């Protein structure tokens, strides 16, 4: 698509003003188109999953505007949408042929969706002399009512309308014809499954300027269309694989984001751990200094205790000698005491015997006692 637009701009000697892309998906074509030189690029995608992938991939420019919105028929803000298991096929019209032709695509259900009217999209685009406005639609089955209620010739703000829906409905074609659009004769083999509509009298070189080549171009166009249909079938198969790969890639990107968050958290934890280790190291140094101080005090106390112990030993030895002397003295006293006790006992015995003798004499011979007196 980018190659076609570049060729067309070169041929018509025009520059890009505004590009409006409806249903940009995960950003394959939109990322390429973002490399072009333009005044404004408006990109719309309704699927949040595809929009997130688009936002990650597309080149960020101040004049690139991304919208995660459904684009609805004019003056509508709520509509019924058909939701498929592959969000790139979601649309406002059910595509029964799609489910029949693609075995891996199925309709999940219908949902009421909120969005912005196409009229608001149109209001962002203005006509500029000597510049080209382009509308690109990748909405699958494009609902002709998308253009309903637009004022007459409102679409003439655009010079080109590109649609990825090759099986365009007659109603859709009729609306474009009413707005002075016809299928472009500028055909390119790179436009697989893309139909291009050109605004009549919208270019410096129009259909009338090469009418002499009409027959030749018509035959070439038929041959190219035949080739393009064959290529489209092949591309559809490739697109299915790309859709699967894109889903895998999106999942991997999601996992990568989670891993980045995990790495960020680990780095934060590591920083906190480092600070904790440094604090602990400082505490250890402080504790070491305190322990060394306590050790010095303990050494001094130990030396004092050793001196005290030495003095205590000397005192113990002296006390022991004194005790032994006192013990010897005690033994001598004890021996003397025993001897004295023996003598007292002997004396007591003698006194007892004397007392008995006295009592006997007193009782038997009192005259003797009286004579003694």
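Comparison of 128, 96 shows that the only residue that is out of contact with any strand residue (DSSP E or B) (no Cβ under 6 Å at 6 or more places or on another chain) and either under 21 Å from residue 69 (Cβ atoms) or at pLDDT below 90 (or both) is 96. For the range 101-113, indicate whether the set of residues that are assigned to a loop (DSSP other than H, G, I, E, B) and without any contact (Cβ under 8 Å) to a residue 12 or more places away in the chain is non-empty. Yes, some residue in the range 101-113 is assigned to a loop (DSSP other than H, G, I, E, B) and without any contact (Cβ under 8 Å) to a residue 12 or more places away in the chain.
Looking at the range 1-98, the helices (runs of 4 or more DSSP H) lying wholly inside it that each contain 2 or more residues that are crowded, with 18+ Cβ neighbours inside 10 Å, touching a residue at least 60 places away in the same chain (Cβ under 8 Å) and out of contact with any helix residue (DSSP H, G or I) (no Cβ under 8 Å at 6 or more places or on another chain) sit at 2-12. Annotation note: of 76, 119, the sole residue that is out of contact with any strand residue (DSSP E or B) (no Cβ under 9 Å at 6 or more places or on another chain) and closer than 23 Å to residue 151 by Cα is 119. For the range 156-170, does any single residue satisfy the condition of being exposed (fewer than 13 other Cβ atoms within 10 Å of the Cβ), in contact with a helix residue (DSSP H, G or I) (Cβ under 9 Å, 6 or more places away or on another chain), at pLDDT 75 or above and outside any strand (DSSP E or B)? No. A single entry from 270, 289, 251 fulfils the requirement of being closer than 24 Å to residue 90 by Cβ and in a helix (DSSP H, G or I): 251.
Which of the numbered conditions does residue 101 fail, given that it passes all the others? Conditions: (1) over 26 Å from residue 157 (Cα atoms); (2) exposed (fewer than 15 other Cβ atoms within 10 Å of the Cβ); (3) touching a strand residue (DSSP E or B) at 6+ places or on another chain (Cβ under 9 Å). Going through (1) over 26 Å from residue 157 (Cα atoms); (2) exposed (fewer than 15 other Cβ atoms within 10 Å of the Cβ); (3) touching a strand residue (DSSP E or B) at 6+ places or on another chain (Cβ under 9 Å) one by one, residue 101 breaks only (3).
The values are calculated or read from the model by the stated rules, or taken from the named source; none is laboratory data. This structure is a prediction, so every number in the text was calculated from the model and none was measured. Note that each Cβ is placed from the backbone with ideal geometry, even for glycine, and that neighbours are counted across all protein chains shown.
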